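The values are calculated or read from the model by the stated rules, or taken from the named source; none is laboratory data. Note that the structure is predicted; figures quoted are calculated from it, not measured. Here the Cβ is made from the backbone with ideal geometry for all residues, glycine too, and neighbour counts use every protein chain on show.
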Amino acid sequence: MEVRWLGHACFLCEGNGVRLLTDPFGKEVGYPLPREVVDVVTVSHDHYDHNAVQVLPGRPRVIREPGVHEVEGLRIEGFSVYHDEVRGAKRGRNIIYAWEMDGIRFCHLGDLGHLLEPATVEAIGKIDLLMIPVGGVYTIDARGAFRVVEQLNPRLVLPMHYKTPPLKLDLAPVEDFTRYFDRVRREKVLRVGPGGLPEEREVILLDHPA
């Protein structure tokens with residue numbers, strides 16, 4: 001199983017012979033546009049920095065609704081939450097997606113704006129690898145992200161949606177989040193199987209396109 005970060009909340013996940021892309025963004029974001037040929041795309045909500053499916057080549061299957069989706073041999077579950085701390089009054093709804101590839105259970109939180117309700121934590125279930133926004137402003141901030149990590153208890157944590165040199169949005173740096181953790185490392189690409197999960201939680205900072 002292999003994961004690459006294409007910037008912002010966009011990851012390319014490859015496993016089970018399937019290429020899945022999360023939250024493609026438009027040119028206004030600042031990173032090079034994602035141009036990957038993929039089988040499946042998940043969209044957490046309808047904002048330009050998360051829903052730019054039109055930039056992708058081909059005709060991938062697009063998932064943009066909560067519920068259970070069976071596609072390309074994957075079971076992808078979508079959980080409806082909110083983009084802010086006032087039940088969507090500011091920025092509407094957001095969808096969390098969870099799925100399994102090569103024995104690893106993934107969870108992508110999109111633009112989560114609040115701590116999770118116990119019922120949502122229970123519905124999501126066991127998570128091995130969590131992709132979580134940490135930059136604040138439009139999502140949970142670093143402290144909130146740390147608390148959500150504690151709620152979901154993953155083995156691997158991939159921060160996203162934070163300030164980098166290419167990004168044109170004004171978000172907080174990832175260091176505000178990583179200071180809560182002892183085990184932090186950088187990788188160009190994450191490659192892992194179920195037998196390769198760390199015994200203790202690790203935060204992985206993936207390289208982004210310049």
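Within segment 10-39, the set of residues being of a type in the set (A, V, I, L, M) and touching a Pro at 6+ places or on another chain (Cβ under 6 Å) comprises Val37, Val38.
The residues on offer are Ala119, Ala145, and the sole one that is aliphatic (A, V, I, L, M), part of a helix (DSSP H, G or I) and crowded, with 20+ Cβ neighbours inside 10 Å is Ala145. Restricting Leu112, Leu167, Leu158 to residues that are within 17 Å of the chain's Cα centre (by Cα), within 19 Å of Asp23 (Cβ to Cβ) and free of Cβ contacts under 8 Å to residues at least 60 places away in the same chain narrows the list to Leu112.
Of the residues in segment 77-94, none is touching an Asp or Glu at 6+ places or on another chain (Cβ under 9 Å), of a type in the set (Val, Ile, Thr), under 21 Å from Val18 (Cβ atoms) and surrounded by 15 or more Cβ atoms within 10 Å (Cβ to Cβ).
Each row is one residue, and each column tells you yes or no for (1) surrounded by 14 or more Cβ atoms within 10 Å (Cβ to Cβ); (2) touching a helix residue (DSSP H, G or I) at 6+ places or on another chain (Cβ under 9 Å); (3) among the aliphatic types (A, V, I, L, M); (4) over 18 Å from Met1 (Cα atoms).
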site	(1), (2), (3), (4)
Ile127	yes, yes, yes, no
His161	yes, no, no, yes
Lys168	no, yes, no, yes
Val184	yes, yes, yes, yes
Glu187	yes, no, no, no
Val203	yes, yes, yes, no
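Scanning segment 52-75 for residues that are out of contact with any helix residue (DSSP H, G or I) (no Cβ under 8 Å at 6 or more places or on another chain), part of a strand (DSSP E or B) and over 19 Å from Thr120 (Cβ atoms) turns up Arg61, Glu70, Val71, Leu74.
Of all residues in segment 145-167, count the ones that are of a type outside the set (A, V, I, L, M) and farther than 21 Å from Glu200 by Cα.
Just the residues of segment 145-167 that are of a type outside the set (A, V, I, L, M), to begin with: 146-147, 150-151, 153-155, 159, 161-166.
Narrowing further to those that are farther than 21 Å from Glu200 by Cα: 161-166.
Residues that pass the stated criteria total 6.
Screening Asp49 with (1) buried (at least 18 other Cβ atoms within 10 Å of the Cβ); (2) among the charged types (D, E, K, R); (3) not in a loop (DSSP other than H, G, I, E, B) gives one miss only, at (3). When residues in segment 3-46 are screened for being outside any strand (DSSP E or B), surrounded by 23 or more Cβ atoms within 10 Å (Cβ to Cβ) and in contact (Cβ under 8 Å) with a residue 60 or more places away in the chain, 4 of them pass.
Does Arg4 count as modelled with pLDDT of 95 or more, among the basic types (Lys, Arg) and closer than 23 Å to Asp128 by Cα? Quick ask: steps written out before the conclusion?
On the way: modelled with pLDDT of 95 or more: yes; among the basic types (Lys, Arg): yes; closer than 23 Å to Asp128 by Cα: yes.
Considered against the rule, which asks whether it is modelled with pLDDT of 95 or more, among the basic types (Lys, Arg) and closer than 23 Å to Asp128 by Cα, Arg4 comes out as yes.
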